[in-house]
1. Work out the P(r) tail for chain A: percent of alpha carbon pairs separated by more than 17 Å, whole number.
2. On average, how many beta carbons from a partner chain sit within 10 Å of the beta carbon of a residue in A:42-50?
3. Two decimals, Cα atoms only, Kirkwood Rh: what is Rg/Rh over the stretch A:53-112?
4. Could you state the number of Å between the C-alpha centres of the stretch B:39-89 and the stretch A:34-67?
5. Based only on Cα atoms, what mean projected area does the convex hull of chain B have, in nm²?
6. Counting other beta carbons within 10 Å of each residue's own, what order do B:S51, B:S19 fall into, fewest first?
7. Counting only residues 5 or more places away or on other chains, whose amide H sits under 5 Å from the amide H of A:T86 once H atoms are built in the peptide plane?
8. On a 29 Å Cα-Cα criterion, which of the cross-link pairs A:K9/B:K37; A:K71/B:K5; B:K37/B:K71 come out too long?
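No lab work stands behind these numbers, since they all come straight from the coordinates. Predicted model, so just to flag it, every value in this text is computed and none were measured. Heads up, the Cβs are rebuilt from the backbone with ideal geometry, glycines too, and the neighbour counts pull from every protein chain shown.
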Amino acid sequence: NAGVTQTPKFRVLKTGQSMTLLCAQDMNHEYMYWYRQDPGMGLRLIHYSVGEGTTAKGEVPDGYNVSRLKKQNFLLGLESAAPSQTSVYFCASRIASTDTQYFGPGTRLTVL
Amino acid sequence: DQQVKQNSPSLSVQEGRISILNCDYTNSMFDYFLWYKKYPAEGPTFLISISSIKDKNEDGRFTVFLNKSAKHLSLHIVPSQPGDSAVYFCAASARRSSGSARQLTFGSGTQLTVLP
């Protein structure tokens, strides 16, 4: 099992550009999450999904959109990137019966 | 308002000694607590957890203690090894209002350095 994978690993954008981050999991997990990690701030929840076709807002959802068209994939979109979105983005997933989330390796995004 | 706090950004210990990482929380609804370990350029990996109905959970060299009255938990690593050098995050989960899934709230992390 590959677990949770994220694509791409690194990306540099210019202000105003758009992009999509892909998260894939092969563990048949129902729940999937997107976090951002900034220095000294831990991980903050952007959006999450409790199942295929459903999404919900987390703590810091502004400027991001998500979609979960397939159970194994969770996409995070930035429609118009801003320098404040420079961060490391982590995807995570879990089964419904436990709180333990399993994380991907992260995507380092720089917005110039 | 930080509901989960790790007040020590860094900690250094000698190899073979005990490492104690601390975490405080403010939300009395938290009922499940986890510790994650993170190496540079990798995602966090689950280390150990504890339910609020317990006050201790042990897994090999790692023990988590929970003091509900003080809203405090700690992670003990004995003996510490150089490979334990990483950032450690504590996280907490709570029952939420109906229609909202359980989520993790993370602390800001503590960088542990184990010196050989």
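1. Of the Cα pairs, 49 percent sit more than 17 Å apart.
2. Mean shielding by partner chains, rounded to a whole number: 4.
3. Working: Rg = 12.8 Å, Rh = 13.2 Å.
A ratio of 0.98.
4. Cα centres, the stretch A:34-67 to the stretch B:39-89: 25 Å.
5. Over all viewing directions, chain B projects a mean Cα-hull area of 7.6 nm².
6. On the way: B:S51 13, B:S19 24.
Lowest to highest Cβ neighbour count: B:S51, B:S19.
7. Answer set, sorted by chain and number: A:V111.
8. Violating the 29 Å limit, Cα to Cα: A:K71/B:K5.
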